[in-house]
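Engineer: I have a structure here, written as structure tokens, and I will follow up with some questions on it.
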Amino acid sequence: MANRLSACGRFNVLLLEAGGSDQRLWLKVPLGYGMSFYNPSVNWMYQTEPDPQLNHRSAYWPRGKVLGGSSAINAMVFIRGQARDFDDWARLGNSGWSYQDVLPYFKKLEDSPHGPSRSRGADGPLHVSDVSKQVHPLCEHFLKAGEELGIQRNADINGDSQEGVCINQITTRNGFRESASTAYLKPALSRSNLKIITHAHVSRVLFENRKAVGIEYLQDGIKLSVRASREVILSAGSINTPQILQLSGVGPGQVLQKFNIPLVLESPAVGQNLQDHLCIDYIYRAKVPTLNKQLGSVWGQVWSGLQYITKRQGPLSLSINQGGGFCKSTEQSEHPDLQLYFSPLSYLKATPGIRKLTAPDAFPGFLLSAQPCRPESRGSITVQSSDPQEAPKIWPNSLSTPADKAAMLLAAQWLRKLAATPSLGSIIDHEILPGPQVQSIDQMMADIYERASTVYHPVSTCRMGTHIEHAVVDSRLRAHGLLSLRIVDASVFPTLTSGNTNAPTLMLAEKAADMVLADHQY
Ligand SMILES: Cc1cc2nc3c(=O)[nH]c(=O)nc-3n(C[C@H](O)[C@H](O)[C@H](O)COP(=O)(O)OP(=O)(O)OC[C@H]3O[C@@H](n4cnc5c(N)ncnc54)[C@H](O)[C@@H]3O)c2cc1C
């Protein structure tokens, strides 16, 4: 948004970011995201409320607190989602958001080796890499396993069809991470009409009547404010955007009343409709070397380091989610409804608080993972006080419908089917987790309740829709019932897309920038 809005030179843009600069080695080296996973200097490190269906476990939800946001600490998998995800957005009343409407923006944002073509772009700011020739050889076993189950290889999972197994495309450029900051902010830094203030924690939106006129923020413990002559745009993500709105007096009346926050506008959907992808990992001991060997030994690390320094290649230049794809979980499924992940690495011993991907298990291991694409469960986010520095409460409410439980069981069963194929079966020594003793449906469900976890895709907490009773913004992303306030981040997704959420968030921002410029007659 900051790049596109400042490009014409007609408007002054001020970008406020609670975190700091992304000029850090481990935010540049792709595999470095293992180091930012629990690093409070770049990560909000949220902890959810106990989740009733997941044995009352509290989940760890990392979010980027740095220029580039979560795109600076994420796993870099680039997935647009399925055409019908966006067609459904339009069907819900959000005109202008069908797949045909958003496709030009997906093309506009990317510089992909698969483009230029009818469906892919080649001259956008965000570099997308095809790393199919660089991934670990074990990925070939995963692709063949998929084929043995009737899931075809898809050479471009972001092309015309989103079905099939693939090597994941990732957001890197010349072996370095590509984030919203590196792709969009960096080229705009020298513009005199763009100002960036880091370590500026936004505490609330300032309103005059119901018009947003500015922002209040905290810097070094000092309360500051700034006025906006045209618009305030909130892009604080699915956790913090609803928090800021509630702190500003926009949200469910009873929540604001409870914390003595003066009401500006009753907007019941602020913080509601939280959706996320829940995933289950099955961990295998392999008969052949996996990435554990390379990343776990001193010589392997030296070799990987040299490969990276000299050629910007090797495991340090990649994500660990190397293989993946989408399949139909049953014969009745009309569309792919299951996302698969393959990581040629295991880190069973990872202790909470330390997730160094350079310290994997000492034995050869790998991960098969699966995630139902479109969960029905809905959670919520609410402030727990009027203090902007106090984290909001996150209630994921995962697996709260029978359909979601059934989908999760199918996901786990698919992992076992993949493991039993000749291509994977021949290299598996044994299943480590959940282990062969877990066989019955009850046992598999018990394992899911005990181990399933988020893959960090929360959306929809300020969703787009037609009416303030159910939605926070309209289809031009303007807050219902308020003036001069827009929301542009994953919180406005009307529903969760089938895959990872970074690409659709960037698409949304590209489209939003056009809307803002059009609304100001540029
Ligand atoms: C560990 C992890 C792995 C992931 N892996 C992938 C992946 O492989 N592929 C994929 O597509 N997606 C992935 N995602 C998800 C993806 O990164 C997000 O969906 C996407 O970045 C969301 O963008 P956003 O703009 O909505 O929010 P964010 O990117 O989270 O940006 C919000 C920004 O607002 C700032 N902010 C928040 N509150 C305030 C405040 N009060 N004042 C000032 N600034 C504030 C934050 O610091 C941050 O910079 C992952 C996410 C995580 C956390």
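Engineer: Identify, by number, the condition in (1) within 16 Å of the ligand (Cβ to nearest atom); (2) more than 22 Å from ASN74 (Cα to Cα); (3) among the β-branched types (Val, Ile, Thr) that ILE320 doesn't meet.
Structural biologist: Unmet for ILE320, out of (1) within 16 Å of the ligand (Cβ to nearest atom); (2) more than 22 Å from ASN74 (Cα to Cα); (3) among the β-branched types (Val, Ile, Thr): (2).
Engineer: Taking the condition open to solvent by 60 Å² or more (accessible area, probe 1.4 Å) and free of Cβ contacts under 8 Å to residues at least 40 places away in the same chain, does ASP130 pass?
Structural biologist: Taking the combined requirement at face value, the residue satisfies it.
Engineer: If you scan region 280-332, which residues turn out to be surrounded by fewer than 14 Cβ atoms within 10 Å (Cβ to Cβ) and closer than 28 Å to ALA446 by Cβ?
Structural biologist: THR330, GLU331, GLN332
Engineer: Also, I was wondering about something else. Can you name the condition, by its number, that GLU178 falls short on among (1) farther than 30 Å from GLN294 by Cβ; (2) in contact (Cβ under 8 Å) with a residue 40 or more places away in the chain; (3) not β-branched (Val, Ile, Thr)?
Structural biologist: The single condition GLU178 does not satisfy is (1).
Engineer: A follow-up question, please. Would you confirm, using the coordinates I've provided, whether VAL438 is open to solvent by less than 10 Å² (accessible area, probe 1.4 Å) and at negative phi?
Structural biologist: Criteria not met by VAL438.
Engineer: Which one is most open to solvent (accessible area, probe 1.4 Å), of the residues in region 142-175 that are in contact with a Pro (Cβ under 8 Å, 6 or more places away or on another chain) and in a loop (DSSP other than H, G, I, E, B)?
Structural biologist: Result: GLU163.
Engineer: Six or more apart or on different chains, Cβ under 9 Å: which pairs go from a residue in region 55-79 that's within 11 Å of MET45 (Cβ to Cβ) to one that's β-branched (Val, Ile, Thr) and assigned to a helix (DSSP H, G or I)? Could you list them?
Structural biologist: Matching pairs, first to second residue: TRP61/ILE239; ARG63/ILE239.
Engineer: Does ALA513 satisfy the condition of being over 24 Å from CYS373 (Cα atoms), surrounded by fewer than 24 Cβ atoms within 10 Å (Cβ to Cβ), at pLDDT 95 or above and within 14 Å of the ligand (Cβ to nearest atom)?
Structural biologist: So ALA513 fits the description; yes.
Engineer: Cβ-Cβ distance below 8 Å, separation of 6 or more or different chains: which pairs start in region 327-338 with a residue that is within 12 Å of GLY164 (Cα to Cα) and end on one that is β-branched (Val, Ile, Thr) and assigned to a strand (DSSP E or B)?
Structural biologist: Hits for this filter: CYS327/VAL165.
Engineer: I would also like to ask the following. For residues that are open to solvent by 20 Å² or more (accessible area, probe 1.4 Å) and within 27 Å of the chain's Cα centre (by Cα), tally how many sit in region 256-277.
Structural biologist: Qualifying residue count, region 256-277: 4.
Engineer: List the pairs whose first member sits in region 198-225 and is on the phi < 0 side of the Ramachandran plot and among the hydroxyl-bearing types (Ser, Thr, Tyr), whose second member is within 14 Å of the ligand (Cβ to nearest atom) and not in a strand (DSSP E or B), and whose Cβ atoms are under 7 Å apart, counting only residues at least 6 apart or on separate chains?
Structural biologist: Taking only residues 6 or more apart or on different chains, the pairs are THR198/GLU17; THR198/GLY19; THR198/SER21; THR198/LEU67; SER203/LEU247; SER203/PRO388; TYR217/ALA200.
Engineer: Return the residues of region 50-65 that are near the ligand (Cβ under 6 Å from one of its atoms) and crowded, with 23+ Cβ neighbours inside 10 Å; say none if nothing qualifies.
Structural biologist: GLY64, LYS65
Engineer: While we're on this one: Among the candidates ALA503, ALA446, single out the residue that is within 16 Å of the ligand (Cβ to nearest atom), of a type in the set (A, V, I, L, M), out of contact with any strand residue (DSSP E or B) (no Cβ under 7 Å at 6 or more places or on another chain) and outside any loop (DSSP other than H, G, I, E, B).
Structural biologist: ALA503
Engineer: Just a yes or no: is a residue in region 455-463 near the ligand (Cβ under 10 Å from one of its atoms) and more than 20 Å from TRP97 (Cβ to Cβ)?
Structural biologist: Yes.
Engineer: For LEU399, only one of the following conditions fails: (1) surrounded by 17 or more Cβ atoms within 10 Å (Cβ to Cβ); (2) within 22 Å of ALA145 (Cα to Cα). What is its number?
Structural biologist: All conditions are met except number (2).
Engineer: If you don't mind, another one. Out of (1) assigned to a helix (DSSP H, G or I); (2) open to solvent by less than 30 Å² (accessible area, probe 1.4 Å), what's the single condition that is false for THR497?
Structural biologist: Failed condition: (1).
Engineer: So which of ARG204, ARG227 ends up being basic (Lys, Arg), modelled with pLDDT of 95 or more and within 11 Å of the ligand (Cβ to nearest atom)?
Structural biologist: Of ARG204, ARG227, the one residue that is basic (Lys, Arg), modelled with pLDDT of 95 or more and within 11 Å of the ligand (Cβ to nearest atom) is ARG204.
Engineer: Scan region 198-233 residue by residue and report those that are of a type in the set (Val, Ile, Thr), open to solvent by 30 Å² or more (accessible area, probe 1.4 Å) and touching a strand residue (DSSP E or B) at 6+ places or on another chain (Cβ under 6 Å).
Structural biologist: Result: THR198, VAL226, ILE233.
Engineer: Could I ask something else about it? Only one of (1) touching a helix residue (DSSP H, G or I) at 6+ places or on another chain (Cβ under 7 Å); (2) of a type outside the set (A, V, I, L, M, F, W, C); (3) away from the ligand (no atom under 14 Å from the Cβ) is not met by ASP489, so which one is it?
Structural biologist: (3)
Engineer: Within region 13-49, track down each residue that is part of a loop (DSSP other than H, G, I, E, B), open to solvent by less than 60 Å² (accessible area, probe 1.4 Å) and more than 12 Å from the ligand (Cβ to nearest atom).
Structural biologist: VAL29, THR48, GLU49
Engineer: Restricting to region 68-98, give me the number of residues that are near the ligand (Cβ under 7 Å from one of its atoms), within 19 Å of ALA509 (Cβ to Cβ) and either in a loop (DSSP other than H, G, I, E, B) or touching a Phe, Trp or Tyr at 6+ places or on another chain (Cβ under 6 Å) (or both).
Structural biologist: Qualifying residue count for the region: 6.
Engineer: Let me ask something additional. Yes or no: LEU477 open to solvent by less than 10 Å² (accessible area, probe 1.4 Å), under 29 Å from GLY9 (Cα atoms) and free of Cβ contacts under 8 Å to residues at least 60 places away in the same chain?
Structural biologist: So LEU477 passes the test.
The values are calculated or read from the model by the stated rules, or taken from the named source; none is laboratory data. In this text, all values refer to a predicted model and were calculated from it rather than measured experimentally. Heads up, the Cβs are rebuilt from the backbone with ideal geometry, glycines too, and the neighbour counts pull from every protein chain shown. Heads up: the accessible areas ignore ligands, DNA and RNA and are worked out on the full protein's heavy atoms, side chains in. Shrake-Rupley method; radii C 1.70, N 1.55, O 1.52, S 1.80 Å.
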